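Participant: Just dropping this structure here.
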Amino acid sequence: MSIQNQYLFYGVAAQDLSGVGANMFGTGNPLVSETYILKSLRVMSVGTPTITVKNNGVTVIKTIALTANVSLELLTQPLIVEGGTTLTIIASASSATDVGISYLNIKKTVLD
């Protein structure tokens, strides 16, 4: 087995994250053969919603209130998102919200 590491950035702009929120990496990501280690998770909103972050359905950050048009770093420690799970960010109110995530993607591959 070989392990390949990639440092990546993923961002979404002007998203309405109210209600059920948004799965930050879409469906199926990270893949079962991948693990993401999030170093930075920054949010900015034109409104003043409260942000909740869920990792595989478990609330890991709750009730972070945003100030309008100010960027805020949500992580104080790295956050691990294992393969086959979802990272969801939910806003308490409808407003255009930007989210930027810097992470390390650890890919496990099998060499023949």
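Participant: Roughly what % antiparallel, to the nearest 5, for the DSSP beta bridges in the chain?
Facilitator: If we restrict to bridges inside the chain, about 100 percent are antiparallel.
Participant: Pulled fully out, how much extra length does the chain show between residue 75 and residue 3, if you take 0.36 nm times their separation in residues and subtract their Cα-Cα distance?
Facilitator: Length difference between fully extended and current span is 23.4 nm.
Participant: With the contact rule set at Cα under 8 Å and sequence spacing of 6 or more, what percent relative contact order holds for the chain?
Facilitator: It comes to 49 percent, rounded to a whole number.
Participant: Another question about this same structure. In nanometres, what is the gap between the two model label sites at residue 13 and residue 82, each 7 Å from Cα along Cα-to-Cβ?
Facilitator: According to this spin-label approximation, the distance is 3.6 nm.
Participant: For the stretch 33-103, what ratio Rg/Rh do Cα atoms give with a Kirkwood hydrodynamic radius?
Facilitator: 0.97
Participant: Then there's this: Between residue 64 and residues 5 or more places away or on another chain, which pairs have amide H atoms under 5 Å apart, with H built 1.01 Å from N, and which residues are they?
Facilitator: Result for residue 64 returns 51.
Participant: Let me ask you something else. Apply 1/(1 + (r/R0)^6) to the Cβ-Cβ distance of residue 109 and residue 56, taking R0 = 25 Å, and write down the FRET efficiency to the nearest 0.05.
Facilitator: The value I calculate is 0.60.
Each reported figure results from applying straightforward, stated rules to the coordinates on display, with no laboratory input. Just so it is clear, the structure is predicted and the values come from calculations on it, not from any experiment. Here the Cβ is made from the backbone with ideal geometry for all residues, glycine too, and neighbour counts use every protein chain on show.
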